[in-house]
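**Q** Take this structure first; my questions come after.
The values are calculated or read from the model by the stated rules, or taken from the named source; none is laboratory data. The shown structure was predicted, so the numbers you read here are calculated from the model rather than taken from an experiment. Ideal geometry is used to build each Cβ from the backbone, glycine not excepted, and the neighbour counts take in all protein chains shown.
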Amino acid sequence: MNATDWLVIAGGLAAAAWVNWYFFLAERGTSRAAVAAAGSGGEQEVRITVHGSYDPATIRVASGKPVRLVFDRQENASCSEEVVFPGFGVRKFLPAFETTTVVVTPPAPGTYEFTCGMGMLHGRLVAE
Amino acid sequence: MSATSSEKIVIPVSGMTCAACQGRVQRTLSKTPGVVDASVNLMMGNATVAYDPGAVNPADLVETIRATGYGAELPVPDRSAFEEQAARDAATAEEFADLRRKAIVSGIAGAVAMAASMPLMRGGGMGGAAHSAIGWGLLLLTLGVMAFAGRHFYTRAWAAFRHHAASMDTLVAVGTGAAFVYSVIATVAPGFFLRHGVMPDVYYEAVIIIIAFILTGNAFEARAKRQTSAALRALAQLQPKTARVVRNDTEVDIAVAEVRGADVVVVRPGERIPVDGDLVSGSSSVDESMLTGESLPVKKGAGDRVIGGTINGTGAFHFKATTLGADSVLAQIVKLMRDAQGSRAPIQALADRVSAVFVPVVMTLSIATFVIWFIAVHAGGGLAGAAAVRGFAAAVAVLIIACPCAMGLAVPTAVMVATGKGAELGVLIKGGEALQRAGDLTTVVLDKTGTVTEGKPTVTDLVPAPGAAIAPAELLALVASIERSSEHPLAGAIVRYAEEHGSAARASESFQSVTGRGAMGVVGGRAVMAGNAALMADYAVDTTPLQAEAERLAGEAKSPLYVAVDGRLEALLAVADPIRASSRAAIARLHAMGLHVVMLTGDAQRTADAIARVAGVDRVVAGVLPAGKVAEIKRLQGEGQVVAMVGDGINDGPALAQADIGIAIGTGTDVAVEAADVALMRGDLTGVAQAIELSRRTMRTMKQNLFWAFVYNVIGIPIAAGALYPAFGLQLSPIIASAAMAFSSVSVVSNSLRLRRARIA
């Protein structure tokens, strides 16, 4: 084992640590959470772009009030063709390059996940 | 009321289980200021509210309903089930065409790149200019393939990366991206490699071929996924586009959407029936197999129900349209199937947990692979450059072979194929969870009336008492006169029997029904009493003259009923509800599947035993009142049994809900039984065995899929990393890894598709 070996090991460890930190530990954009805007008819509304991920992926909403989520799917990859809200029993087909509206009402404060049909893309509603 | 300008909204309401719930929601809504009219439908689970938009808005109405303790959501402007299915089909067809095009283009490019790379490999030291020219050409070709065919891998991986997420795309993008960058350095600055004692080899052809293989896999996967919903597509296509209706005494062809309730629709021989309705004139037999799985044509006469989407036989008839649009049987089935196909099975939770951490873990393994190879080669006396190259190839192979998609597809594709297969059999399974639980059943509880039996009791015997004072015809008229006021199913049978024998019922002066015993009343000044032995004993009527006869009839699975007039025993009536022809075979099949079969009935023990003997059930619980069904199911569950309750869905609602699996036996029209997990389109028990068998097979498929998906990764990743190298000198090239990956997800979907061909008689 010479200096080069130790350098490669150190580099490998650093890279592995960074990967795990970035995907697991780094705050998943809560700081950049979107706040649902008050829409007409007493609902909260937010627009979510679907393209390889949900943008924004974290949405702050008020609990106990209906939230109108407008999904704008800008791709035709089948992975994102459905959005699932397990906590609300909602599963919705999102036509490609169209907007689709999902309305849910978080009953109490807490975090409610939503994912794509295969559970690869993640987003969440943070109800306050 | 009508002066206010009002708008109408239909709000889905969840959590209502009984008429009381319905009443509560309806009352609360009606009392809300601004609400003009509110009606709540328990079966449909929705509230139709007419309201004054100036005084109240839909969100307030949802709040109002939620305040009563039930769930409500604002309705989302929805396409019809058929439209959505069509949009979905178009999308998947387009996706398949797109992927196929890209796979072919990148495949051709891959072949070209491979041919062009040959001279680079063979003659490492050939003329610098030619070498460099080929290198640059390949660089441009690869860039073109990445930008055209592989573009979505990179854009999606980047979008996910920005949100600290990683997917399949991330692995492909990092793997091919690394190989590409390595090759570019070798092309642009070969001197850098030579200084470290490594030949400046390029991997352009590998990048292109990996993209081609993965796209090919994706294309096959898209096509196979399309096939998983073939059954649903077939159902959606049953809906005819036009209907021939009678308007102003002439027959006109109009679009189905324009048919109104009570329109008279004309159906000619061989035509598809356009909408649901009640037959008014003519007769025919109708092929309903596409909806109910019933292979024999069903005879239809005046008053019978016909279902839109089924095919008329040789007769012609007119019928009155009833349920239309989204309320039609076909639309409800399509909607139910779509919801079911999209639902999750609990077994998926494991796959979900693994896929959530999968990609970063694979990336970590890939880094570890590089480090270990480097150290191993370097420590073994290899040059640092050569060590890095070996490590690099193995690390890329790890990224490429890993396949989270197979795990993601394992359960949902099986759910889709199974629910579609069920629909073909006339068995509507309402989701992945129901499929999973139905696969675990140990006990099946059958409600007798209308489930084991046809639910149409008829009078089979009339035995006059020795020395009866009243003629049978007169006696029938007297009994029918009191039974006319009763709501008991047996009463209806007696009234019908009397009518058929010309003994018209008369008005009774008084009527009283005694729960569990019978009924009595006064007709033309005579006290008439009809009921069981207990009722007779209460009024000191001696039943001994007919007792032996009563026991004989009960032994034949008939319900005996004593009739007394003015305190004197006059006759014995026997009513029987014939056992369905298919019940015996279906119950035998449930036994063969290792299930315990229990029958619940309100009949007396002797009659119940006789029916149980004929039907072949293991155990019969007699004298069960409607409320007792729930208690009996709870008792079985307390014994650790996983219980299915089979009933008619209307009277058995609470029992269906209590059971682990509620199976509503079909009348062919009411699909949307809320409490049921499984709805049978046909009225026979064969569907119960089919549903359970299908569920068991589906569970087996899901487990095979999950096992394969896990094992593939658990074995494939170490092999790609070089685990077999020390022993066998075997190492996978990234190209082989990409082929294995593509094959892995296709094989999972193909395994699910095998369910389509499962023979479930």
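**Q** Checking B:V275 against (1) farther than 23 Å from B:S582 by Cα; (2) in a helix (DSSP H, G or I), which test does it fail?
**A** Of the numbered conditions (1) farther than 23 Å from B:S582 by Cα; (2) in a helix (DSSP H, G or I), the odd one out for B:V275 is (2).
**Q** Still on this structure, please answer the following. Could you check, for segment B:699-720, whether at least one of its residues is among the small types (G, A, S) and surrounded by fewer than 19 Cβ atoms within 10 Å (Cβ to Cβ)? Even if it seems obvious, please write down each step before you answer.
**A** Going through segment B:699-720, the residues among the small types (G, A, S) turn out to be B:709, B:716, B:720.
Then keep just the ones that are surrounded by fewer than 19 Cβ atoms within 10 Å (Cβ to Cβ); that gives none.
There is no residue in segment B:699-720 that is among the small types (G, A, S) and surrounded by fewer than 19 Cβ atoms within 10 Å (Cβ to Cβ).
**Q** With respect to the numbered conditions (1) assigned to a helix (DSSP H, G or I); (2) facing chain A (nearest Cβ under 10 Å), which one is the sole condition not fulfilled by B:A414?
**A** Evaluating B:A414 over (1) assigned to a helix (DSSP H, G or I); (2) facing chain A (nearest Cβ under 10 Å) leaves (2) as the failure.
**Q** Let me ask something else. Show the residue pairs that are 6+ apart or on different chains and have beta-carbon atoms under 7 Å apart, the first residue being within segment B:165-181 and within 12 Å of chain A (Cβ to nearest Cβ), the second being surrounded by fewer than 23 Cβ atoms within 10 Å (Cβ to Cβ) and not in a helix (DSSP H, G or I).
**A** B:A165/A:H122
**Q** Looking at this structure, is B:I367 within 7 Å of chain A (Cβ to nearest Cβ) and modelled with pLDDT of 85 or more?
**A** Numbers: within 7 Å of chain A (Cβ to nearest Cβ): yes; modelled with pLDDT of 85 or more: yes.
Judged against the criteria, B:I367 is a match.
**Q** Something else now. Checking the condition at pLDDT 90 or above and in contact with a strand residue (DSSP E or B) (Cβ under 9 Å, 6 or more places away or on another chain), which residue from B:V396, B:V444 passes? Spell out how you get there, then give the answer.
**A** Working: B:V396 fails: in contact with a strand residue (DSSP E or B) (Cβ under 9 Å, 6 or more places away or on another chain).
Unique residue meeting the criteria: B:V444.
**Q** While we're here: Which one is surrounded by the fewest Cβ atoms within 10 Å (Cβ to Cβ) among residues in segment B:144-156 that are more than 7 Å from chain A (Cβ to nearest Cβ) and without any contact (Cβ under 8 Å) to a residue 24 or more places away in the chain?
**A** Taking segment B:144-156 and keeping what is more than 7 Å from chain A (Cβ to nearest Cβ), we get B:144-151, B:153-154.
If we keep only those that are without any contact (Cβ under 8 Å) to a residue 24 or more places away in the chain too, we end up with B:147, B:151, B:154.
Working: B:A147: 10, B:R151: 12, B:Y154: 19.
The selected residue is B:A147.
**Q** On the basis of being away from chain A (no Cβ under 14 Å), within 54 Å of the chain's Cα centre (by Cα), on the phi < 0 side of the Ramachandran plot and crowded, with 18+ Cβ neighbours inside 10 Å, does B:T228 make the cut? Walk me through it before giving the result.
**A** Working: away from chain A (no Cβ under 14 Å): no; within 54 Å of the chain's Cα centre (by Cα): yes; on the phi < 0 side of the Ramachandran plot: yes; crowded, with 18+ Cβ neighbours inside 10 Å: yes.
No, not satisfied.
**Q** Which one is surrounded by the most Cβ atoms within 10 Å (Cβ to Cβ) among residues in segment B:736-761 that are touching a residue at least 40 places away in the same chain (Cβ under 8 Å) and either among the charged types (D, E, K, R) or in contact with a Leu (Cβ under 7 Å, 6 or more places away or on another chain) (or both)?
**A** If we take residues in segment B:736-761 being touching a residue at least 40 places away in the same chain (Cβ under 8 Å) and either among the charged types (D, E, K, R) or in contact with a Leu (Cβ under 7 Å, 6 or more places away or on another chain) (or both), then B:V748 is surrounded by the most Cβ atoms within 10 Å (Cβ to Cβ).
**Q** B:R517 passes all but one of (1) among the charged types (D, E, K, R); (2) under 49 Å from the mean Cα position of the chain (by Cα); (3) modelled with pLDDT of 85 or more; which number fails?
**A** Here B:R517 meets the rest and fails (3).
**Q** Among the residues of segment B:464-493, how many are acidic (D, E) and either closer than 20 Å to B:G567 by Cα or crowded, with 21+ Cβ neighbours inside 10 Å (or both)?
**A** As a first pass, look at segment B:464-493 and keep what is acidic (D, E): B:474, B:483, B:487.
Imposing the further condition that a residue be either closer than 20 Å to B:G567 by Cα or crowded, with 21+ Cβ neighbours inside 10 Å (or both) reduces the set to B:474, B:483.
The qualifying residues number 2.
**Q** Does segment B:520-551 hold any residues that are within 49 Å of the chain's Cα centre (by Cα) and within 19 Å of B:P464 (Cα to Cα), and which are they? Before the answer, list the steps.
**A** Start the filter on segment B:520-551 by keeping residues that are within 49 Å of the chain's Cα centre (by Cα), which leaves B:520, B:530-535, B:550-551.
Across segment B:520-551, the qualifying residues are B:M520, B:A530, B:G531, B:N532, B:A533, B:L535, B:A550, B:E551.
**Q** If we scan segment B:372-388, do we find a residue that is in a helix (DSSP H, G or I), touching a residue at least 60 places away in the same chain (Cβ under 8 Å) and in contact with a Ser or Thr (Cβ under 7 Å, 6 or more places away or on another chain)?
**A** yes
**Q** Okay, next question. Residues of segment B:207-233 being more than 18 Å from B:A414 (Cα to Cα) and either of a type in the set (A, V, I, L, M) or in contact with a Pro (Cβ under 6 Å, 6 or more places away or on another chain) (or both), which ones?
**A** Correct list: B:V207, B:I208, B:I209, B:I210, B:I211, B:A212, B:I214, B:L215, B:A219.
**Q** Quick one: which residue in B:V266, B:V252, B:V246, B:V280 is farther than 15 Å from B:V306 by Cβ, without any contact (Cβ under 8 Å) to a residue 60 or more places away in the chain and surrounded by fewer than 22 Cβ atoms within 10 Å (Cβ to Cβ)? Reasoning before the result, please.
**A** On the way: B:V266 fails: farther than 15 Å from B:V306 by Cβ; B:V246 fails: without any contact (Cβ under 8 Å) to a residue 60 or more places away in the chain; B:V280 fails: farther than 15 Å from B:V306 by Cβ.
That would be B:V252, the only listed residue that is farther than 15 Å from B:V306 by Cβ, without any contact (Cβ under 8 Å) to a residue 60 or more places away in the chain and surrounded by fewer than 22 Cβ atoms within 10 Å (Cβ to Cβ).
**Q** Just the residues that are within 27 Å of B:V359 (Cβ to Cβ), at the interface with chain B (Cβ under 7 Å from one of its Cβ atoms) and polar (S, T, N, Q), please, taken from segment A:74-128.
**A** Selection gives A:N76, A:S78.
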